[in-house]
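The values are calculated or read from the model by the stated rules, or taken from the named source; none is laboratory data. Here the structure is a predicted model, which means the values were calculated and not measured. Glycine also receives a Cβ, built like all others from the backbone with ideal geometry; neighbour counts cover every protein chain displayed. For the accessible areas, the whole protein counts, side chains as well, though only heavy atoms, and no ligand, DNA or RNA atoms are used. Shrake-Rupley method; radii C 1.70, N 1.55, O 1.52, S 1.80 Å.
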Amino acid sequence: MIADHLPKSIYGFTLSSLREYLLERGFAKYAADQIYRWIYRHQDLDYSSWSNVAKKIKQHASEQWSFQLPKIIRQQLSSDGTVKFLFEMQDLKSVEAVVIPAKDRLTLCLSTQVGCAIGCTFCNTATQGFERNLTAAEMVGQLLTINRWLGQQRPDSMQVSNIVYMGQGEPLQNLPQVKIATTIFMEPLGFGISQRKITLSTSGLVAGIEQLKDFPPVNIALSLHSPFDQVRSSLMPINRAHSLEDVLQAIKSLPLKAHRSITYEYLLIKGINDRMEDVQELVRILDHTTSKINLIRYNQFPGSSYQAPSDQQMIWFRDQLISRGLVCTNRASKGEDIMAACGQLKSAQQN
Ligand code: SAH
Ligand code: SF4
């Protein structure tokens, strides 16, 4: 909890909450629009130079607001252009973010928590335990810092165009802050990232999925990883509390507003979930008309007991699903040489 007397991070305000905040303090509410443009459009954080903003607001900013961004303490570049960042927050806790380039987009995979409480047995973040939720300002700070880094270090690169909540942490365990961050990402006066370019990934908390009805209609990804309860429970302890049937039912009951797509993430682990019986059961439980499966190769890390399947096995698995009518892609495993899967840079730092 941040105490009241400490400066309030300016990056935690949605446009409407900033308007309200200014009004309550006797300032003009349109100043919120000006401030949003300076910060998110011009990436100018030096409020003293904001030419069209009233002096008394700048005075207030100097006394009451924090403009501090997460600090990049480590970065790693993959041969495929993926860049992984380790950020340090104000309380010295660290989280990761990964920037993934593709033909016409630049995707930022960002973290929502320091560590994670879900404890999936294949995930490096799980080994770090849960420390705390990130604030919306810390999530917005990840994007702003990376866009500024791109502007300085990669002047020819586009800015981040897509957001995936697939870094460290379980977004549904921090939903109020993730909702504020998402609203800020989508604000047309600011980053202006459309809901179609934002994806929230979850391990499958039923109550949290139900709350998504009141969330901007972004794309949803469910980390499925096995169609069998027993195997899924051994990979993801959360499955013992919320069985596969309940999770799939919760997902199906989400209103499929225009443009919201639902993807099933399927991590392929050698000998665990890459067999013919997995193919057959997936075909049985998933709705063929709306489901899209994203196959991800398991990214091994020091100390992990699972193994990644071969390319051949990945292709075989995909083709088996496609031949039975499911839409399925092999997500190119980006950044494998820098262990870009969730939690792996932070662990490497600690080793
Ligand atoms: N907690 C959320 C979002 C963060 S994890 C969730 O679990 O969905 C984002 C994705 O990274 C998940 O699909 C997760 O299964 C995957 N992941 C975790 N560890 C991995 C590893 N070692 N190799 C490849 N993907 C991994
Ligand atoms: Fe948490 Fe997702 Fe990792 Fe599972 S895969 S431990 S839910 S971050």
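What residue, among those in the range 95-104 that are under 16 Å from the mean Cα position of the chain (by Cα) and open to solvent by 20 Å² or more (accessible area, probe 1.4 Å), is nearest to ligand 2 (Cβ to nearest atom)?
Residue satisfying both the conditions and the ranking: 100.
With small (Gly, Ala, Ser) and in a helix (DSSP H, G or I) as the only criterion, which of 221, 250 stands out?
Working: 221 fails: in a helix (DSSP H, G or I).
Matching residue, one of 221, 250: 250.
Which of (1) within 21 Å of residue 144 (Cα to Cα); (2) modelled with pLDDT of 95 or more; (3) in a loop (DSSP other than H, G, I, E, B) is the odd one out, the single condition residue 181 does not satisfy?
Answer for residue 181: the failing condition is (3).
If you check 157, 201, which single one turns out to be within 16 Å of ligand 2 (Cβ to nearest atom) and either within 23 Å of residue 67 (Cβ to Cβ) or surrounded by fewer than 24 Cβ atoms within 10 Å (Cβ to Cβ) (or both)?
Checking each option against the conditions leaves just 201.
Across the range 302-345, which residue is farthest from ligand 2 (Cβ to nearest atom) among those that are modelled with pLDDT of 85 or more, open to solvent by less than 20 Å² (accessible area, probe 1.4 Å) and part of a loop (DSSP other than H, G, I, E, B)?
Filtering the range 302-345 for residues that are modelled with pLDDT of 85 or more, open to solvent by less than 20 Å² (accessible area, probe 1.4 Å) and part of a loop (DSSP other than H, G, I, E, B), the one farthest from ligand 2 (Cβ to nearest atom) comes out as 326.
Would you confirm whether any residue within the range 150-169 is touching a residue at least 24 places away in the same chain (Cβ under 8 Å) and among the basic types (Lys, Arg)?
No.
Answer yes or no as to whether residue 270 is over 20 Å from the mean Cα position of the chain (by Cα), assigned by TED's automatic domain parsing to the domain that holds residue 331 and at pLDDT below 95.
Considered against the rule, which asks whether it is over 20 Å from the mean Cα position of the chain (by Cα), assigned by TED's automatic domain parsing to the domain that holds residue 331 and at pLDDT below 95, residue 270 comes out as no.
Could you list, in sequence order, all residues of the range 66-86 that are under 15 Å from residue 136 (Cα atoms) and not in a loop (DSSP other than H, G, I, E, B)?
Once the filter is applied, which keeps residues that are under 15 Å from residue 136 (Cα atoms) and not in a loop (DSSP other than H, G, I, E, B), the range 66-86 yields only 66.
Taking the conditions exactly as written (assigned to a loop (DSSP other than H, G, I, E, B) and open to solvent by 80 Å² or more (accessible area, probe 1.4 Å)), does residue 43 satisfy them or not?
no
Here is a yes/no grid of residues against (1) in the same structural domain as residue 36 (by TED's automatic domain parsing); (2) within 13 Å of the chain's Cα centre (by Cα); (3) buried (at least 20 other Cβ atoms within 10 Å of the Cβ):
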| position | (1), (2), (3) |
| --- | --- |
| 140 | no, yes, yes |
| 148 | no, no, no |
| 188 | no, no, no |
| 191 | no, no, yes |
| 212 | no, no, yes |
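Scan the range 121-128 and give yes if some residue there is in a helix (DSSP H, G or I) and farther than 19 Å from residue 205 by Cα, otherwise no. It would help to see each step written out before you state the result.
First pass over the range 121-128, keeping only residues in a helix (DSSP H, G or I): 125-128.
Cutting the leftovers down to farther than 19 Å from residue 205 by Cα gives us 127-128.
The answer is yes, given that some residue of the range 121-128 is in a helix (DSSP H, G or I) and farther than 19 Å from residue 205 by Cα.
Going by the conditions given, is residue 53 crowded, with 17+ Cβ neighbours inside 10 Å, part of a loop (DSSP other than H, G, I, E, B), modelled with pLDDT of 95 or more and of a type outside the set (Lys, Arg)?
Taking the combined requirement at face value, the residue satisfies it.
Answer with yes or no whether residue 238 is assigned by TED's automatic domain parsing to the domain that holds residue 221, touching a residue at least 60 places away in the same chain (Cβ under 8 Å) and not basic (Lys, Arg).
Here the answer is yes, as residue 238 does meet what is asked.
Which members of the range 284-304 meet the condition of being over 23 Å from residue 219 (Cβ atoms) and charged (D, E, K, R)?
Of everything in the range 284-304, just one residue is over 23 Å from residue 219 (Cβ atoms) and charged (D, E, K, R), namely 284.
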